[in-house]
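Take a look at the structure below.
Every number in this text was worked out from the coordinates using simple rules, so none of it is lab data. Note that the structure is predicted; figures quoted are calculated from it, not measured. Quick reminder, even Gly has a Cβ in these numbers, built from the backbone with ideal geometry, and neighbours come from all protein chains shown.
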Amino acid sequence: MLAGLPDLIDDEAGVFDIVARRDAATDAGDLLALSARLDRQVWQQCGDVIRLMRTNASAQSDVRAAFDESMRRHRFGIEWTVGKLRDMGQLRPGLSVERASFAYGMRCDE
């Protein structure tokens with residue numbers, strides 16, 4: 001049952017609709033706005049569930065697995081967004097996708 005929590009979070013937060021719009025964005029400002037909306041929606045709709053998973057992950061392996069999957073999806077979205085910004089020529093010269101993704105991830109984690 002807990003393995004389905006990441007899917008439930010995605011459904012409740014409307015992730016798929018926002019991701020489709022984000023993926024189609026051709027303007028860096030739109031891309032960032034949609035990415036921020038995605039983060040905000042997830043935390044507004046499911047922040048309590050995410051906090052509970054994070055708190056209990058060390059005590060229960062099934063909770064840990066669900067939390068790890070949620071964080072894997074989150075990191076993938078960040079890396080995808082930063083990679084697209086790079087492809088749009090919007091990263092500072094010399095700034096790697098890895099470093100920019102780390103900085104972006106720090107901004108959107110509660």
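For the reader, a short list of remarks on this structure follows.
- Computed lengthening from residue 96 to residue 26, 0.36 nm per intervening residue step minus Cα-Cα distance: 23.1 nm
- Ranking 76, 44, 28 by how far each Cα lies toward the positive end of the dipole of the chain (charges on Cβ) leaves 28 at the top.
- Ellipticity estimate at 222 nm from DSSP helix runs (n ≥ 4, -39,500 (n - 2.57)) divided over the chain, nearest 500: -26500 deg cm²/dmol
- Pair residue 17, residue 45: separation of 7 Å Cα→Cβ label points (nm): 0.8 nm
- Estimated distance in nm for a label pair at residue 36 and residue 8, the labels positioned 7 Å out from Cα along Cα-to-Cβ: 3.1 nm
- Using 0.36 nm per residue and subtracting the Cα-Cα separation, the extra length available between residue 56 and residue 75 on full extension is 4.8 nm.
- Mean Kyte hydropathy of -0.5 or more with a Cα span along the axis of at least 18 Å, helices from DSSP in the chain: 28-56
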